[in-house]
1. Of all residues in the stretch 94-121 being part of a strand (DSSP E or B), open to solvent by less than 50 Å² (accessible area, probe 1.4 Å) and without any contact (Cβ under 8 Å) to a residue 60 or more places away in the chain, which is farthest from VAL70 (Cα to Cα)?
2. Exactly one condition in (1) at pLDDT 95 or above; (2) in contact with a Pro (Cβ under 8 Å, 6 or more places away or on another chain) is not met by MET173; state its number.
3. Give the residues of the stretch 126-159 that are surrounded by 14 or more Cβ atoms within 10 Å (Cβ to Cβ), of a type in the set (Val, Ile, Thr) and assigned to a loop (DSSP other than H, G, I, E, B), sorted by residue number.
4. Would you mind telling me which numbered condition in (1) open to solvent by less than 40 Å² (accessible area, probe 1.4 Å); (2) modelled with pLDDT under 90; (3) not hydroxyl-bearing (Ser, Thr, Tyr) MET217 fails?
5. Identify all residues within the stretch 65-83 that are open to solvent by 40 Å² or more (accessible area, probe 1.4 Å) and over 13 Å from THR101 (Cβ atoms); write none if there are none.
6. When LEU57 is evaluated against the numbered criteria (1) in contact (Cβ under 8 Å) with a residue 60 or more places away in the chain; (2) in a strand (DSSP E or B); (3) surrounded by fewer than 17 Cβ atoms within 10 Å (Cβ to Cβ), which criterion, by number, is the only one it fails?
7. How many of the residues in the stretch 35-54 are part of a loop (DSSP other than H, G, I, E, B) and either among the β-branched types (Val, Ile, Thr) or open to solvent by less than 70 Å² (accessible area, probe 1.4 Å) (or both)?
8. Name the residues in the stretch 160-178 that are within 14 Å of ALA203 (Cβ to Cβ) and either of a type in the set (Asp, Glu) or surrounded by 13 or more Cβ atoms within 10 Å (Cβ to Cβ) (or both), would you?
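The values are calculated or read from the model by the stated rules, or taken from the named source; none is laboratory data. This one's a predicted model, so the numbers in the text were calculated from it and none came from an experiment. Cβ sites come from the backbone with ideal geometry, for glycine too, and all protein chains shown count toward neighbours. Only protein heavy atoms, including side chains, enter the accessible area calculation; ligands, DNA and RNA are left aside. Shrake-Rupley method; radii C 1.70, N 1.55, O 1.52, S 1.80 Å.
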Amino acid sequence: MRKLLLFTVDGNFVVMMARGTRKLLMMVILLELTTDIWMLPAPRGVFMDSMNMRHILRWTQPKSSCNTAVVYAVQYQGEFEFLVKNGSWINAPECQKIPLTMCDLTFELGSDSDYSLRVRGQCGSEISAWITFPFNRNNMTPPVPEIQVMTAGDVLLVSVRKFPLTSITRVMMWKGDEEQQAKAHLMPADQEVLQVAALQEGAVYCVKAQVFLNSGMRSGYTDSHCVSITGPGAPSWKEPTTVTLTVIIMLGLLIGLFWSIVHCRPGSCQKYFQKEPLPLSLKENFDLQITINHQREEYCEETPCLLSSVRGEKT
């Protein structure tokens, strides 16, 4: 009986333990289900929008039963944080508790190392899980460069918008329709202007460019930009546009002058072609001469009167 009792007791104990384990498992399962139901859904569709060497992390807001606005937090981790700082994460300063579904990380992702990015949402006391996204800017295709082409005499000047120091711009240049014989000119990132001198006067040269990164990624080519070389010391009036404007202006002046001469009336013409008066100096001398002549005439006229009066007194 003792053995049976012990067995019974042991059996009851085993049964009790089994029932307790089942209850515990049921509680854990219910707790997990409750947590999944009430936990805020994590952001979805995380991707990196890289354009013109700017890196913007974007995501979509999941559907949730949150009564207030969902805010987001973004963190990043580089190779230094992963290897030296035991896998620590750094908060993106401008992307903490933001209502936007984007974060500009251009400044934070300044090196060519591998990064891990993560984002999560928060609604009141509810916090979603982190969603991680790997990134390396060397794996991104650089944008097509922006170039400006100018001439100075027989020199061709090509300026390119600045890129990171890890980039090289290749400029292809050819004359006329000889694109198959184009020559390549390499511009490092610290070079602002490419100068190609001693070009043929009067010829047309075309240029296009693309950007290379150290990782081997390259952009597409720009559109072709073609210019005409005027030659060393060539005056500006040789340019076609200036010559055309000069001819048009001269024709207009000649036509206007001819029309005014043909349609000019005598009365109207006298207004435009008046006789200029004499200078004052010449006019004063002329008056003085006339005055002197008048005085001489008066003197001659008065002289007989004076003589006759003298004669009368004597008689």
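1. Step one: list which residues in the stretch 94-121 are part of a strand (DSSP E or B), which gives 94-98, 102-104, 115-121.
Next cut, open to solvent by less than 50 Å² (accessible area, probe 1.4 Å) only: 95, 98, 103, 115-119, 121.
After this cut, where a residue has to be without any contact (Cβ under 8 Å) to a residue 60 or more places away in the chain as well, the list is 95, 98, 103, 115-116, 118.
On the way: CYS95: 13, ILE98: 8, CYS103: 15, TYR115: 26, SER116: 23, ARG118: 16 Å.
Result: TYR115.
2. Just one mismatch for MET173, condition (2).
3. Within the stretch 126-159, just VAL144 meets the criteria.
4. With (1) open to solvent by less than 40 Å² (accessible area, probe 1.4 Å); (2) modelled with pLDDT under 90; (3) not hydroxyl-bearing (Ser, Thr, Tyr) applied to MET217, the lone miss is (1).
5. Hits for the stretch 65-83 are SER65, ASN67, THR68, GLU79, PHE80, PHE82, LEU83.
6. (3)
7. Here is the first cut: in the stretch 35-54, the ones part of a loop (DSSP other than H, G, I, E, B) are 39-43, 52-53.
Going one step further and asking which of them are either among the β-branched types (Val, Ile, Thr) or open to solvent by less than 70 Å² (accessible area, probe 1.4 Å) (or both), we end up with 40-43, 53.
So the answer is 5.
8. Kept after step one, since they are within 14 Å of ALA203 (Cβ to Cβ), are these residues of the stretch 160-178: 173-178.
Residues satisfying the conditions are MET173, TRP174, LYS175, ASP177, GLU178.
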